Every structure is written in C-alpha cells, then in structure tokens.
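All remarks here apply to the structure that follows.
The values are calculated or read from the model by the stated rules, or taken from the named source; none is laboratory data. The structure displayed is predicted, hence computed values, not measured ones. Positions of Cβ are backbone-derived with ideal geometry, glycine not excepted, and every protein chain shown enters the neighbour counts.
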Amino acid sequence: MTEPSTVYVPLEQIGIRRRASASVAVIGNPNSGKSTLFNRLTGLRQTTGNYPGVTVEKHSGIAQLGSSALELVDLPGIYCLGGFSTDERIAVDVILGRMDETPPPDGLLVVLDATHLYQGLYLLQQLMEMQVPTVVALTMTDVATANGIDISIEVLQRHLGGLHICPVVATSGRGLEDLRAALEHIAQAQAPAIPESWPELSKTADQLMQEAGGVLQRIDVIQALIHPDSKRAAILEKHIGAAGIAAVRASLFGDEPPQAAEARHRYLWVREVLREAQTQAPLLERFGAKTLRWFNRPWPATLMFFAVMALVFQAVFSWATPLMDVIDAGASGLASWIAGLLPAGAFASFLTDGVIAGVGSVIVFLPQILILFLFIIVLEDSGYLARAAFLMDRVMRGVGLSGQSVIPMLSSFACAVPAIMATRVIPNRRDRIATILAAPFMTCSARLPVYALLIAAFVPDRSVGWLNLQGLVLLGLYLLGIVGGLGTAWLMKRSALRGPKPHFALALPEFRWPNPQTVLIKLWDRARIFLRRAGTVIFVVAILVWGLAYFPRSAPLQTDYEVAVTQAQAAWSGAALEAELQRIENEAAATRLQQSYLGRAGHLVEPLFRPLGWDWRVSAAVIAGFPAREVVVAVMGTIYAVGEEAEEASLAGKLRSATWPDGRPIFTLPMVLGLLLFYAWCLQCAATIAVIRRETNSWRWPIFAWSYMTAIGYSGAFLIYQLGTAYA
Amino acid sequence: MTLTDLRPGQQARIDKVDARQPGVVRLMVLGMIEGVEVRHANSAIGGDPMELSVYGTAISVRRQQAECFRITPLASND
C-alpha cells in the first residue's frame, strides 16, 4: 500500500528509504491474521533470511511510517511463551532475545483475533510481563461483528492498563492508518502495565529479580520459575539457591506443572475481562450452516478429505505434465541448438549433457513441486490442514504418530521435498523426524518412469481375474512404499525416536479464504528454498555424473568410430544410411560409456550387485541415478546403445535381449522384481537428502536415511532375486 | 463423568482437570480450565479425537486426554 503523502516528500528524500530505527516483533496466535497484517504494513519491502542454526525462515520487512521506519519481524504463531513445536520455540526465542545474532525487539506488535480473544488475551498477559513497549492490533473485527460479537475497546483498554489497541481489518485496510500512527513512536513508548492476572507471581518475580542482583530481567525470572529445565532457571538457582527456588515454586504452583497453574490464574482473569468487555448476540443460523455442519460430520468429512486429496493429485500430475513437456522440449532444443553451434568435443558435451541437462533436471520438477506447494499452502492458510489432521489422527496413531503427519505423508506421493518441508507443523521433534524418514518411501513422481519402463518391458500384459497384471504390480509397488514408510515410522518410534505418545491437542481454525498475497509470498519462499538447496545439489551431482560418464575419451575408439562411419557412407545411402549411422552412433556411445569412469565404476561394483542379478551396466545406471532416480532410464538407454532419447519400446526390447557373457538373460523376472523393489525403497534423490539435511539441521539424519533405505532396498532385492531364481 | 462421556451437541462445565497427565497442559494453555463451558461440536470417525468448542474456538482432543477432564453436563440448547 502506498501512502499518498509520499508524493510530497522533499526532493532529496525521493528514492531514499529511511533505515529502520527500531525493530518490532509481530506476534500473535496462529491464524490470527498476523501475516496478512505484516504484509499490509511492509508491502513488498520484505526480506527472507534464516535464523542461524535453525530451519525456520526469518521474515522481516521495513514499514515506512511518516517520520520513521521500523523493521517488522513476522514470527510463527504461538499460544503461550512455552513453545511446543520448533516454529513456536523460535518465535519465543526471538521475542525474548535468546536467538544468536538477533537482538531483542524494541517493541511488540501483538495481533489479537477479535473472534478468538480468549486465547489472545492469555498470550497478551504473558507478553506484557516482558515490559517492552507494546501496541495491540485487534484483527478480524469485521468477522466478529458478522458473528454477533461486540467488543468494547474502552473496557479492554482499562483492564490492560491503557494499552494502545487499534481495531483493524487487514484485508480491506480499515484502521491501518491508526495502527501506523501508533507504531511510529513505539520505541519511545512506555512499557505496558504489569498484568493483573496473577499478583502473587508478579510480586515473587519482583522480589527474586532484586535478590538476584539484576542479572535477570523480570520476564527471565518468570520464565525460569515456569520452566524449571531452562537455562534461565539454572542461572536463577545459582543466585538464589535451588532450595529457595523449589520452595517458591511449591507455593506458587503446588505439585502440578507450572504451566497448568499459570493457565488457571490467567484464564480466570481473561474470563472476567471478557464477561465485561465482550457480548455475544444470539445469532440466527445463517443460510447453508446446516449443510456445512452435515459435511463436517465424521463420515462425510472423511470422504471429502479423500476427494480433496484426489483433486490435489490430479492437479499435480495432469496440470504439471504440459509444463514439464515444455521444459523438457526447451532443454533438449537448447542443447541441440548449442551442439549445432559448437564443434563436437568435451566443451560442447559439458554444456549440453552437463549444464543444460543438469539445470533441466532441476527445473523439470518445478511445475509439480510448485503446484504441490501451492496446494499445501492453500490448505494450510484456509485452515483445512488442521481439519485433515483431525480426521486422520486415528489412522496415524497406529504407527505412533499423530494426524499432523498425514499431509506430509500424502504429499510425498508426488514429491518428498515439499512433504519434508511440510513437517514443520509437527510439534514433537521425534514425531517430525519419524515422518521425515517415512516420507521418502512413498512412490513419488520420479519413480514412475522407472516403474513404467521396467513393468512395460518385463511384466506380461495379461489379466489376473478382472485385473491387469501390470497394474497389479504397480499397485504392489505403491503398497511397498506405504508399508516401507509406515513400518519405518513404527520402528523408529519404538527405538531411536521412542518418546511420549503425541497428544494432538490443537486448535482447529475455521475455514477462511486464503489471502492471495500471503499465499504467493509463501510460495515464492518455498520455491526459493527448493531451487537454492535442492537445486544446487542436484546440479552439482548432475555435472559430476556427466564428468564420470564422459571421461576418459580414448583416441582408438574415436578412430574406430570414424572408420565405421566412412565405411557406412560408402556402403549405404538414403534412409538406410541414416539408420546405419544412428546405429553406429549408439554403439559408439555405449562403448564410450563402458570405457568411462562411470562404466568402470559399474564394473568395479558389479561384484557387490551380482547377488541381486545386476550386471555392470545396471550397476552403472544405478550409480548414475543416485542424484535423481529418473535419470536411470536415460543412462540405460545410452548404455544399451539405443540412444538416450530412445522410445520405451525399443529400450524395453534391448533390455529383454541383454545377456550375461554366458548367454543367460540378465533381466529375468526375479531380477526385475528385485530392481523394482530396490527403486521402491532406496533413497536415490539428492534433493531429498539436501532437504532432510536442511530440515533436521544435521547430516546425521540424511546419512542415516540414505544408508537405511539403501540397505533395506538392497536386502529386499537380494531376497527376491535369490528366492525367485532358486524356485523359478 | 469425564469429557469422554459427552455426546455430540452436548454442553458441559469443566469441574476438575488432572494436569499431571501427559498432554493435558497443552489443552489448559488453550483455555480448558476449571469452570469453563465446553460443547462437543464434532468428532472424527469412531469419536476419537473429538472437537470441542471452547469460547468459540474449536479444539481437537484425543480420548486419552479427554479422560483427564471431570465435567458436569449442562442442559443443551442445541
């Protein structure tokens, strides 16, 4: 939003944005309209960075306010100052100034949702204990009015010690000018009054603060009392004595968790305030409310959930295909254009097969990933994600997880990358990691080309009852992924990630239309992360694999090739010559690949994969497919001398006729089933590894995930091949 | 009587919360404390978890935690 007054600023100020004089944290309950307000105040003057050492992005923006400029920092929504999830803990750490390289905020912009004042006032009480200049934005006032809720700002203000409260409607911009005016001088504003909700705690905190000799602030003392395991608690105990603190805690909290005592005191106060400040008019049932309620009932809602997921998958697979085809065609068109311009050689191959193919393999999945991200964000912002979690909670409990793992798990049927990034809503770290480890098992879109090729080539196209055998095998592979993923989560929750059962206590937001600006900003954020983190890794590994497959080049081979071409030109003409040249080119490419480091690596690891029935060619293709599993199809195309752009049918034919030196076929049914199982379970995706690294913030989990999945993929393939060969 | 005995559409007042059971504090932080009126708004298939309406906010509660809330049912006006 632009201010009309900027038209009249003195000339020397035009084009110069004032630097932020103070930093203000924007904080409130989840779904309180915080981000919409933040976007309104900062416009597009936002930056997204990272807090050091954590995975949550730092969203900040500059709000130009009349005579000053403020840095606003948008934080994840919280209900209290004792964070449960990663997101929540980071929000708490930032506002309490406990985040490295991030100074504590000079002021707070507390966002209260007028339709959920009850929980909002609870958080506000805790924030007022910080004694930092505070402005309150009361959002959703239009929705509240429509719902018959009448709030008296004066009464609220009186109970909050005269705190500045600005009613706003962030979507339309009503009330924003008042809010800007209130924010303009926030840094110089007075600290809010001490909250009245728990006088005993206030008195004790003041006393202890003095006794500790000023090493801890008031809010730190309160946090130390309420969270006995925190760093501040240790400092307080050092200064006052552990016995003294224990006595203080016993008198304040009894023998129950401190947070329970706090909830009782503060909510009692909130209820009294609301009795005075808020009236709820009885409402006539709105048109359609009955229908809506019927759709919310257990069975209809569950069926709706499956319908929604079906729509998402339909979109991810069918809407993305034309775009992916365009990208594919663009990349190969560009590659052949460059190949035509440059003399054949290492450099041309580096540009076409290395750089362009590498970049292509990153962006070819972008349409799918963006569509999936878009759906996840829209589901999240409309409040449906929480509903889906609620409906599916029971199902996930069987493997020791909660409903919050459902959307990540389902998303990973399209791509594990957005799925793993969507696990951030899971409050418990153990549950989150178990979900991250389970997600890559699900049959993602990159596995499909591999499945399609191998099934078409080796599974007979015949009926089993009224089902098709090929379809049945594909279904089996999907089930294998599900079993692998859920089994892994179940195992992990019983071993390394054992912990208390997830509680799944969460507020379910009402349905609301997502704000397009917020959705686009979030989408851009996630796309950026994918391109930066996953993209660089895929690209680097793609270049590496290109190098392995291209070098070394031997001169005798080149001479043989040229001789063969000359002979062909002498012996054939017309279409026959074209075909013959293509055949020679493909044969040469296959021989070159055999001579390359990749081919040698294939030979080198062949003994390792021999028990699975793989020869050096399959082994080399699997190695080349490490960065991105779908590459394996193109490599097999080259290695079996049908050209990398081969038709599926011709490659399948070549594969069927491939033999061991002694003439036995390589691609027997047990070997193919084993190979399929290997692809169902192993983690051949550099992007997933990079994202696991980013989201768990350590190399431990990606290394574990890769080793574990490769190990069970290998074992499964081994068992199938050995048993199948023995009993066939 | 605990929250688990509440039927869809029924209202009740919370009498006593056993805060020491795992996961209960999280619900108290959302405002489920003694004296507060709640309404059974909905549930997933099988009745677990259930959706409670507390001061206009829908809160999802699993059966295991619901058992920790002793209640008095109120005459329903639904």
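Figures for the structure shown
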{"read-out": "Cβ pairs under 6 Å, 6+ apart, first in the stretch A:262-275 and within 13 Å of A:Glu196 (Cβ to Cβ), second outside any helix (DSSP H, G or I)", "value": "A:His265/A:Ser197; A:His265/A:Trp198; A:Arg266/A:Ser197; A:Trp269/A:Ser197"}
{"read-out": "Test: residue in the stretch A:631-644 that is surrounded by fewer than 19 Cβ atoms within 10 Å (Cβ to Cβ), in contact with a Gly (Cβ under 9 Å, 6 or more places away or on another chain) and outside any helix (DSSP H, G or I)", "value": "yes"}
{"read-out": "The stretch B:12-22: number of residues that are modelled with pLDDT under 95 and either of a type in the set (S, T, N, Q) or within 28 Å of A:Arg293 (Cβ to Cβ) (or both)", "value": "1"}
{"read-out": "Test for A:Ala505: is it within 30 Å of B:Leu52 (Cα to Cα) and either assigned by TED's automatic domain parsing to the domain that holds A:Pro30 or free of Cβ contacts under 8 Å to residues at least 40 places away in the same chain (or both)", "value": "yes"}
{"read-out": "Residue ranges of helices (runs of 4 or more DSSP H) in the stretch A:376-489 with at least 1 members more than 14 Å from every other protein chain (Cβ to nearest Cβ) and out of contact with any Pro (no Cβ under 8 Å at 6 or more places or on another chain)", "value": "A:406-411, A:416-421, A:429-438, A:447-458"}
{"read-out": "Qualifying residue in the stretch A:497-505 (condition: surrounded by fewer than 13 Cβ atoms within 10 Å (Cβ to Cβ) and assigned to a helix (DSSP H, G or I))", "value": "no"}
{"read-out": "Search result, residues across the stretch B:36-59 that are within 23 Å of A:Gly120 (Cα to Cα), facing another protein chain (nearest Cβ under 7 Å) and charged (D, E, K, R)", "value": "B:Glu51"}
{"read-out": "Search result, residues across the stretch A:27-36 that are buried (at least 24 other Cβ atoms within 10 Å of the Cβ) and either free of Cβ contacts under 8 Å to residues at least 40 places away in the same chain or of a type outside the set (Ser, Thr, Tyr) (or both)", "value": "A:Ile27, A:Gly28, A:Asn29, A:Gly33, A:Lys34"}
{"read-out": "Residue within the stretch A:92-107 that is under 21 Å from A:Leu156 (Cβ atoms) and surrounded by 23 or more Cβ atoms within 10 Å (Cβ to Cβ) present", "value": "no"}
{"read-out": "Single residue of A:Ala247, A:Ala243, A:Ala307 found to be exposed (fewer than 13 other Cβ atoms within 10 Å of the Cβ), of a type in the set (A, V, I, L, M, F, W, C), farther than 30 Å from A:Trp198 by Cβ and away from chain B (no Cβ under 14 Å)", "value": "A:Ala307"}
{"read-out": "Test: residue in the stretch A:394-413 that is in contact with a strand residue (DSSP E or B) (Cβ under 9 Å, 6 or more places away or on another chain), farther than 15 Å from A:Phe313 by Cα and of a type in the set (A, V, I, L, M, F, W, C)", "value": "no"}
{"read-out": "Selection status of A:Pro514, surrounded by 14 or more Cβ atoms within 10 Å (Cβ to Cβ) and not in a helix (DSSP H, G or I)", "value": "yes"}
{"read-out": "Condition broken by B:Pro49, with the remaining ones in (1) more than 18 Å from A:Leu117 (Cα to Cα); (2) under 9 Å from the mean Cα position of the chain (by Cα); (3) not hydrophobic (A, V, I, L, M, F, W, C) satisfied", "value": "(2)"}
